[in-house]
1. Among the residues of segment 61-95, which ones are open to solvent by 80 Å² or more (accessible area, probe 1.4 Å) and closer than 17 Å to Gln112 by Cα?
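The values are calculated or read from the model by the stated rules, or taken from the named source; none is laboratory data. Keep in mind that what you see is a predicted model, and the values were worked out from it rather than measured. FYI the Cβ positions are ideal-geometry reconstructions off the backbone, even for glycines, and counts take in every protein chain you see. Keep in mind that these areas ignore ligands, DNA and RNA; they rest on the heavy atoms of the full protein, side chains included. Shrake-Rupley method; radii C 1.70, N 1.55, O 1.52, S 1.80 Å.
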Amino acid sequence: YIRSSVYTRGGTGDKAITWTTIIKDPGYYNVYCYIGKTVDRMNVRMGARQRAANKPGGQQEDNPYKDMHYKIYHDEGVENITLDYENAEGGWNSLGRYYLSPDTAKVVLTNQSSGRVVIGDAIKWEKQK
């Protein structure tokens, strides 16, 4: 494990991060993305100005993370998956099950989002037995 992730402002999908891996054995693979939701990590990612727990008037501050748009490349084509950050579990979240031939597998996360920030942490491919 490497403690690293990337983030950028939410936008129109003009920016992206790509994860790749070499698939040696053909078959069905579950694809997962990692969503980190610890308080310490969120404080590091957010600027001091955004860390305030409350807005004036006692309202809670909006979560800067909203929808995350992934593209999963597989033998049948490309699957577009939208993950709702607020309803996602902290940890590994399924992006679906896909058939992959021996080759390079790829997942892309774009900056398309209604939120202020998009964060890309990790992707894993898990072969079905």
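1. Asn80, Thr82, Glu86
Condition check ((1) within 23 Å of Thr12 (Cα to Cα); (2) in contact (Cβ under 8 Å) with a residue 12 or more places away in the chain) across all residues:
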site: Pro64; (1), (2): yes, yes
site: Asp75; (1), (2): no, yes
site: Val78; (1), (2): yes, no
site: Tyr85; (1), (2): yes, yes
site: Glu89; (1), (2): no, yes
site: Tyr99; (1), (2): no, yes
site: Pro102; (1), (2): no, yes
site: Asn111; (1), (2): yes, yes
site: Arg116; (1), (2): yes, yes
